[in-house]
Every structure is written in structure tokens, then in C-alpha cells.
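Report on one structure; see the data block that follows.
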Amino acid sequence: MKEMIKLAPVFKTMVWGGNRMRDYFGYEIPGENTGEAWVVSAHPQGDCLISEGRFAGKSLSWLWKNHRELFGNIEGEEFPLLVKFIDAREDLSIQVHPDDEYARVHENGARGKTECWYILDCEAEADIIVGHQAKSKEEMKQWMEENRWEDFLKVRPIRPGDFFQIPPGTVHAIRKGTLLIEIQQNSAITYRMYDYGRMPGGKLRELHIKQALDVVQCPHEDYAGKKQISHENGYDKTFLVSCPFYTVEKYDIWGTVMLEQKQPFLIVSVIDGEGMIDENPVKKGTCLILPDGYGTVCIKGELSLMAAHI
Ligand code: ZN
């Protein structure tokens with residue numbers, strides 16, 4: 001049976017969050033500090049509910065446990081990916097993630113985290129932090145102790161359409177005025193290095209300097225992958241990244257396009273425009289999963305979508 005899995009987002013209130021997702025996606029956000037919408041997630045801290053169809057009301061983690069055939073019977077305790085929209089009204093803390101091996105040993109068997117960002121919208125002067133400029137861990141430690149964050153961090157100007165792959169060990173932070181989509185391993189292990197001395201709720205948030213020093217790649221090396229655009233009949237396909245955890249491509253579609261869903265499952269997030277995916281109306285902010293064996297999918301309209309698979 002050919003049924004797509006439509007999911008309802010889980011919203012996260014964050015000190016740095018804003019209210020842009022209300023107008024941008026038409027979401028009913030819970031407040032003016034909505035930092036994240038977890039749109040495809042089976043994580044215990046935000047397990048999306050299926051919004052329509054025969055599994056309506058069940059969670060994605062339930063579906064993963066009980067209907068693995070929808071995901072090509074692939075192995076694994078947990079659903080492997082997590083997709084979020086992030087609206088940063090303020091700067092996020094500077095952080096770094098461990099890889100699978102470090103997380104397994106030091107975080108009770110948890111997963112590491114590789115993530116990637118595609119900038120949907122940002123203010124004219126917006127920037128982002130990816131990487132650092134220390135030549136050794138000694139230098140890094142010294143700069144951190146001396147609060148020389150401007151020497152240490154690699155700040156890059158951004159524009160809508162920019163893409164960043166963030167492998168484990170990469171120092172990174174989203175900064176104010178940025179709206180993006182994040183596709184990542186299903187993990188919440190984050191080591192916070194610096195929080196601008198902020199005191200949300202009257203106290204400093206915990207830092208994890210030791211773990212951060214353990215896992216940071218030093219010296220930093222920029223991710224070498226490049227975007228590749230192919231112009232097809234009725235659509236452009238932009239290859240963004242392929243790594244051991246996920247492959248991400250962007251489709252810009254005008255008119256009617258037939259595509260084959262050949263993956264164990266395909267996560268589709270509409271990031272612009274509107275149209276139809278088979279008989280389902282979709283618009284900016286709609287996120288769904290095309291399960292195993294879905295076959296040919298007909299996409300109609302003027303829309304852009306991110307397609308992610310393992
Ligand atoms: Zn991160």
C-alpha cells in the first residue's frame with residue numbers, strides 16, 4: 001500500500017529562539033521564543049506524532065519499532081536521523097559534538113553527532129561559526145582560558161542557500177538572524193564551550209570544556225565536499241552531501257515531475273513554495289516520509305524540497 005507518513009512538528013522553546021516560524025511556515029508555534037521545530041524525529045526528547053492515515057496519533061519511534069518494513073527492515077535500535085528547523089533570534093552557544101566512538105565510551109553508549117545546515121533565510125549581515133583558528137590544543141586551551149574567542153573562532157558571512165556539513169569535532173554555532181534546516185544523526189550529545197557569559201534564568205549554563213578539548217579537531221580542516229547541480233527536465237537537483245550517516249539533495253521543481261523512491265525510506269521537507277506530492281497538498285514547512293517500496297512519486301507545483309536518506 002502506497003501511503004506516505006506525515007508528521008506533526010515538536011516545538012522547542014529556547015532562550016535564543018524567535019517567532020519567525022509562525023509566518024515563514026504557518027506553524028502554530030507555542031510562543032515568541034520558539035527556537036526549534038523537530039519535524040522528523042523519533043528522539044525521546046521530541047518524538048513526532050503521525051498526523052494522518054492509518055497510523056495517525058502514533059509516534060515515529062512507535063512506527064520504527066512496530067513497522068520496520070516501512071523503513072526497508074534496516075537494523076538499529078533507533079530511527080537514525082533527525083530533521084529540525086531552527087530560528088535563531090539570538091546567538092547560540094559555541095559547541096562541538098563527539099563522534100560515535102567517543103559518545104559510546106563516554107556517554108553511555110549514545111551516538112555521536114554529524115549534522116548539516118542549509119540556510120533558508122538570514123539577515124543581511126548574518127554570519128555563522130564553523131571551525132576555529134588554533135594550531136594546537138595547547139593554543140586552543142590558552143585562548144579559551146584568556147577569553148580570546150575572536151582569535152579562536154572562524155566566523156563566516158552567510159547568505160540564503162549556503163550549506164555547511166558539520167562533522168564531529170567541528171566547533172560551530174548558529175548566530176542571530178538565521179533560519180535554517182538541520183539534518184543530523186539522531187543524537188542530542190552536545191559539548192558547550194562558550195555561552196557569551198549569558199545567564200538565562202539567572203545562572204550560567206553548564207560548559208563541557210574537558211570533553212570539548214577531547215573531541216575538537218585541531219587544527220580545523222574545512223569540509224571539502226562541493227555542491228553539484230544537475231539540470232533535469234522540469235527540475236534542478238542539487239547534491240549537497242553524502243556521508244556515512246546521510247545523503248542530502250535539494251530539488252527545485254516547476255511543473256510536474258515523476259521521481260523514483262528507491263531508498264529504504266526518504267525524508268522530504270518542503271522548504272519553499274507549494275504543490276502536490278501525489279494526492280497530498282504540501283507547502284513550505286510540510287515534512288513527510290516516503291516509505292520503502294513507495295515507487296514512483298508525482299510532484300507538482302513550484303516548490304523546493306530537501307530529500308534526505310541514509
Ligand atoms: Zn550542533
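The values are calculated or read from the model by the stated rules, or taken from the named source; none is laboratory data. On a predicted model such as this, the values are computed, not experimentally measured, just so you know. Heads up, the Cβs are rebuilt from the backbone with ideal geometry, glycines too, and the neighbour counts pull from every protein chain shown. Just so you know, the surface numbers come from the protein's heavy atoms only, side chains and all, with ligands and any DNA or RNA stripped out. Shrake-Rupley method; radii C 1.70, N 1.55, O 1.52, S 1.80 Å.
Accessible area ranking (1.4 Å probe, heavy atoms, ligands and nucleic acids excluded), largest first, for His231, His97, His67: His231, His67, His97.
Projecting the Cα positions of Pro160, Cys243, Ile209 onto the charge dipole of segment 147-257 (unit charges on Cβ atoms of Lys, Arg, Asp and Glu, taken about the Cα centre) puts Ile209 furthest along the positive direction.
Restricting to Cα pairs below 8 Å that are 6+ residues apart, what does the relative contact order work out to for segment 164-264? Please round to a whole percent. After rounding, I find 20 percent.
Per residue of the chain, what 222 nm ellipticity follows from adding -39500 (n - 2.57) for every DSSP H run with n ≥ 4, rounded to the nearest 500? So the calculated ellipticity at 222 nm is -3000 deg cm²/dmol. The alpha-carbon atoms of the chain, seen along their principal axes, cover 60, 42, 38 angstrom, with the largest extent given first.
Size of the dipole of the chain about the Cα centre, Lys and Arg at +1 and Asp and Glu at -1 on the beta carbon, nothing else charged, in debye to 20? Working shown, then result.
On the way: 36 positive and 47 negative charges, 65 e Å.
Here the size comes out at about 320 debye.
Segment 2-57 and segment 242-310 have their alpha-carbon centroids 18 Å apart.
Tell me the trypsin sites (Lys or Arg not before Pro) within segment 203-248 that lie in a loop according to DSSP and have at most 16 other beta-carbon atoms within 10 Å.
Lys203, Arg205, Lys226, Lys227
Karplus-derived 3J(HN,Hα) values for segment 262-276, using 6.51 cos²θ - 1.76 cosθ + 1.60 with θ = phi - 60°, are 10, 7, x, 6, 10, 8, 10, 10, 7, 10, 7, x, 7, x, 10 Hz; glycine and proline are entered as x. Express in % the proportion of alpha carbon pairs of segment 174-310 at distances exceeding 25 Å. Looking at segment 174-310, the distances longer than 25 Å represent 42 percent of pairs.
Sequence-ordered 3J(HN,Hα) estimates for segment 48-62 from the Karplus curve with 6.51, -1.76 and 1.60 and θ = phi - 60° stand at 5, 9, 6, 9, 8, x, 5, 9, 3, x, 7, 8, 5, 5, 4 Hz, glycine and proline given as x. By the Cα gyration tensor, segment 1-120 has an equivalent ellipsoid whose semi-axes, rounded to whole angstrom, run 25, 23, 11 from largest to smallest. What do you get for Rg/Rh of segment 80-204 when both radii come from the Cα atoms and Rh is the Kirkwood radius? My calculation puts Rg/Rh at 0.97. Each residue of segment 196-207 was assigned a 3J(HN,Hα) from its phi angle through the Karplus curve 6.51 cos²θ - 1.76 cosθ + 1.60 (θ = phi - 60°); the sequence is 6, x, 6, 10, x, x, x, 9, 5, 7, 4, 9 Hz, with glycine and proline shown as x. By a straight-distance test (C-alpha under 16 Å), which lysines pair with Lys2 as possible cross-link partners, with residues fewer than eight away in the same chain excluded? Filter leaves Lys262. Over the chain, Cα pairs under 8 Å with separation of 6+ residues give a relative contact order of 18 percent. Taking a straight Cα-Cα cut-off under 16 Å and skipping sequence neighbours fewer than 8 places away in the same chain, the aspartates and glutamates within cross-link reach of Lys237 are Asp162, Glu249, Asp252, Glu260, Asp272, Glu302. Pairs exceeding a 25 Å alpha-carbon distance, out of Lys12/Lys176; Lys141/Lys226; Lys84/Lys141; Lys12/Lys300; Lys65/Lys284: Lys141/Lys226; Lys84/Lys141; Lys12/Lys300; Lys65/Lys284.
For the chain, carbon and sulfur atoms together expose 48% of the accessible surface, with a 1.4 angstrom probe and every protein chain in place. When you restrict to C-alpha pairs under 8 Å that are six or more residues apart and normalise by the size of segment 1-94, the relative contact order lands at 33 percent. Accessible area per residue (1.4 Å probe, heavy atoms of protein chains only) ranks Leu288, Leu266 as Leu266, Leu288, with the largest value leading. For segment 182-226, the share of alpha carbon pairs falling in successive 10 Å distance bins from zero is 20, 36, 36, 7, 1 percent. For the peptides 158-171, 135-148, residues were scored by their other Cβ atoms within 10 Å and the scores averaged per peptide; the highest-first order is 158-171, 135-148.
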